[in-house]
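Each value in this text was obtained by applying a stated rule to the coordinates, not by laboratory testing. Since the model is a prediction, treat every value here as computed from it, not as a measurement. Cβ: placed from backbone, ideal geometry, glycine included. Neighbour counts: every protein chain shown.
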Amino acid sequence: MKQIKAIIVDDEIEAQDILASLLTDFSDIKVLSKESTVDSALLSILKFQPDIVFLDIDMPNKNGFDLIKELKQFNKKPTIIFVTAFNHFAIDAIKCAAFDYIMKPVDIDDLQLCISRYKAEMGEIYVSDKIDNLLVCLKKEKIKFNTRDGFIFIDTEEIIYCEADGNYTNIYLNGKEQNQTVTVNLGNLIQILPDNFTRITRSIVINRNFLKEVNRKKRKCLLETPKSELVFDIPKHYIKLLENL
């Protein structure tokens, strides 16, 4: 029986250990490495050439989708199985691209089904196509958000900025006087927004398409819309992040 080489990527050590422990029930799967960051995961993928990468989405600095983008440069790409407690928006994109996933907390029966699907598809998995499809799905302009009363579709190009409101997020739209409150926290929300969205404080994410000016001395950030200008205080380290984009 061919041994299946696996890597676990999750910034939570406890989550790594739980999944690794569950995988010991599968005699043909060997976990070669457990990584906490995208950068270390890329090094391990280069070193071990795994068959499967069990990948979390919500990680600091670079997230699971950033790793997917990096994998485009590899000739031999591992199969990705997402293991996440992430919200349904990202799950919709994952399904759209035909990637497999397991929801946290990981259940042994769900893991068994996932491994069985992987084995059934071995030799027929076109990882490059799946990666391309996922990146396309993530760039869809309109995103479905749950609200307190139902759900709403929002064109991301119309979003000026987003502001944290506890476990919810207030989304401010160009040309709209009233904001939309969606039932997802800001940390999860930014993971599914396009690359032109950037966090400028712990509680504010802006659409850089509306960014007009950053004043280093005053530590101010100016957004401009056809009808108004918005000014935000911005900490020094976030200014540096903007400069490096």
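Quick rundown of the values:
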| quantity | calculated |
| --- | --- |
| Kyte-Doolittle mean at least -0.5, axial Cα span of 18 Å or more - DSSP H helices of the chain | 108-121 |
| Sorted peptide list for 103-116, 159-172, criterion being average Cβ within 10 angstrom, highest first | 159-172, 103-116 |
| Hits among aspartates and glutamates - C-alpha to C-alpha of Lys2 under 17 Å, sequence gap 8 or more where chains match | Asp25, Asp28, Asp51, Glu121, Glu124 |
| Given Lys144/Lys212; Lys5/Lys72; Lys176/Lys218; Lys119/Lys142; Lys62/Lys227, the pairs whose alpha carbons are separated by over 24 Å | Lys144/Lys212; Lys176/Lys218; Lys119/Lys142; Lys62/Lys227 |
| Relative contact order (%) - criterion: Cα under 8 Å, at least six apart; region: the chain | 11 percent |
| Using a Förster distance of 35 Å, the FRET efficiency for Phe26-Gln73 (Cβ separation, nearest 0.05) | 0.75 |
| Estimated inter-spin distance, Glu14 and Asn179, nm [label 7 Å along Cα→Cβ] | 3.1 nm |
| Label selected from [x] 66, 41, 32; [y] 58, 40, 29; [z] 49, 44, 38, the criterion being Cα extents along the principal axes in Å as computed here | [x] |
| Full-extension gain in nm, Asp233 to Asn209, via 0.36 nm per residue minus C-alpha separation | 6.8 nm |
| Peptide ranges 150-158, 28-36 listed from the most packed, as the mean C-beta count within 10 angstrom indicates | 28-36, 150-158 |
| Relative contact order of the stretch 144-243, pairs being alpha-carbon contacts under 8 Å that are 6 or more residues apart, as % | 18 percent |
| DSSP bridge pairs, the chain: antiparallel proportion in percent, nearest 5 | 60 percent |
| CD proxy at 222 nm, helix term only [per DSSP H run n ≥ 4: -39500 (n - 2.57); per residue of the chain; nearest 500] | -9500 deg cm²/dmol |
| Amide proton proximity set for Ile234, modelled H, under 5 Å, gap of 5+ | Lys220, Cys221 |
| Whole-number D in µm²/s for the stretch 144-243 (Stokes-Einstein; Kirkwood sum over Cα pairs; 20 °C, 1.002 mPa s) | 155 µm²/s |
